[in-house]
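Asker: Take this structure first; my questions come after.
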Amino acid sequence: MIDISTSYMGLPLKNPIVVASSSLTGSVEGVRKCAEAGAGAIVLKSLFEEQIVAETASLSEHADDYSGYGEAYDYLQGYGMELGPQQYLDLVSGAKKAVAVPIIASLNCDSGGRWAEYAAKLELAGADAIELNVSIMPTNFKQEGHTIVDTYLRILHEVKQKVNIPVAMKVGPYFTSFANFVDRLTHDRAEAPAYSVGWLGKNKDHGKITWKSADGLVLFNRFYKLDIDIDNLKLVHGQPYSSPAEINYSLRWLSLLAGKAGCDLAGNTGIHDGRDAVKALLAGAKVVQICSTLFLHGLEQIGIIEQQLKSWMEAHNYEKLCDFRGLLSQAKSDRPEDYERLQYIKLFVGME
Ligand SMILES: Cc1cc2nc3c(=O)[nH]c(=O)nc-3n(C[C@H](O)[C@H](O)[C@H](O)COP(=O)(O)O)c2cc1C
């Protein structure tokens, strides 16, 4: 008897297929449809920090060029569909009433502070967990890298201080020292806030604080893509949906971090079918988050992925996810160096 139930950040899930944050999960009706289609958990559309909404408004003038992409129109307006804070709380409580699967609220933040207060309201509204969608664009020529990393840690820490439900961080793949970042993000530890000067000022004794760690880490967010129209000499939107070929970077880091990060890992970006889900689980993911494949193939893809996963497990005589989760992670490999290979070398790949 095949059992694909699992847990994610301590939440019990009937299966590891989580619908990622998007306009598909921006209404109670959308959430209900995802649950009916078989989702193990649902991440709601992000509530976006107003500043980001304002920044992306200038790009929305190009959105009409892309109207053929239907729901992606939202994304082109900077993930669009800005629900107000009260509407968002209504979405959380409505979603909780409508479905039995865990509901993960999503906050997009780049500064912390008032978002931490708001996170507490999400908990009161019934959210089972919170996913922090944090993406800081490192375009400030004067800002040093470690201060950016500290901002991520600080946002997490401030939110964790306000809520009792689990908190996941959803981040992009662009970090200088990703393993170190994950180590600091996913383990509670006492450390002086070395670089966040503004914040350090608030910490009167300048001593150590116990930084709170994440309960989940989503690898990786796929950011808005920018492109150039060479005929009309203007900026246009890149492809809003991922392709299965984009899974590799997530697989690399899932397999490097499994068993080492201090929290559950969720695979994201490029997971389009059951085979992709199996890959992410073999690499060490607790769950997979899917989005593009649902836009491209419909919500029935959730059931298809579930069936494909079960068929693969049957063919390989696995009864439970823990029988094979992380089997191909670096921690379990007798060739750990293979996971760190960056360059193409003829000896290994037969190219050049
Ligand atoms: C139309 C659209 C809207 C999205 N909106 C959000 C959002 O509000 N918050 C968020 O964290 N990610 C958002 N994303 C990113 C997805 O949740 C997901 O991380 C990304 O698409 C990669 O997964 P995939 O390869 O399965 O599509 C959106 C993606 C798309 C295509």
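Since every read-out is calculated from the coordinates, none of them should be taken as a lab result. Keep in mind the model is a prediction, meaning the values are calculated, not measured. Methodologically, a virtual Cβ is constructed for each residue, glycine included, from the backbone with ideal geometry; neighbour enumeration extends over all protein chains shown.
Asker: Hey, can you rank 257-266, 38-47 by average C-beta count inside 10 Å, highest first?
Answerer: 38-47, 257-266
Asker: Can you quote the Å³ per residue value for the convex hull of the Cα atoms in the stretch 223-352, rounded to an integer? List each step's numbers first, then the result.
Answerer: Numbers: hull volume 20.9 nm³, N = 130.
Taking only Cα atoms, the stretch 223-352 has a hull volume of 160 Å³ per residue.
Asker: Under 13 Å from the Cβ of ASN180, count the other residues' Cβ atoms, weight Lys and Arg +1, Asp and Glu -1, and hand me the total.
Answerer: Summing Lys and Arg as +1 and Asp and Glu as -1 gives 0.
Asker: As a footprinting exposure proxy, order ASP215, ASP273 by other Cβ within 10 Å, with the fewest listed first.
Answerer: ASP273, ASP215
Asker: Also, quick follow-up: With 10 angstrom as the radius, rank MET313, MET1 by how many other C-beta atoms surround their C-beta, starting from the fewest.
Answerer: The order, fewest Cβ neighbours first, is MET1, MET313.
Asker: Order by neighbour count: TYR152, TYR174, TYR8, fewest other Cβ atoms within 10 Å first, most last.
Answerer: TYR174, TYR152, TYR8
Asker: By a straight-distance test (C-alpha under 20 Å), which lysines pair with LYS320 as possible cross-link partners, with residues fewer than eight away in the same chain excluded?
Answerer: Of all the lysines, those that pass the test against LYS320 - Cα under 20 Å, at least 8 places apart if same chain - are LYS14, LYS279, LYS286, LYS310, LYS332.
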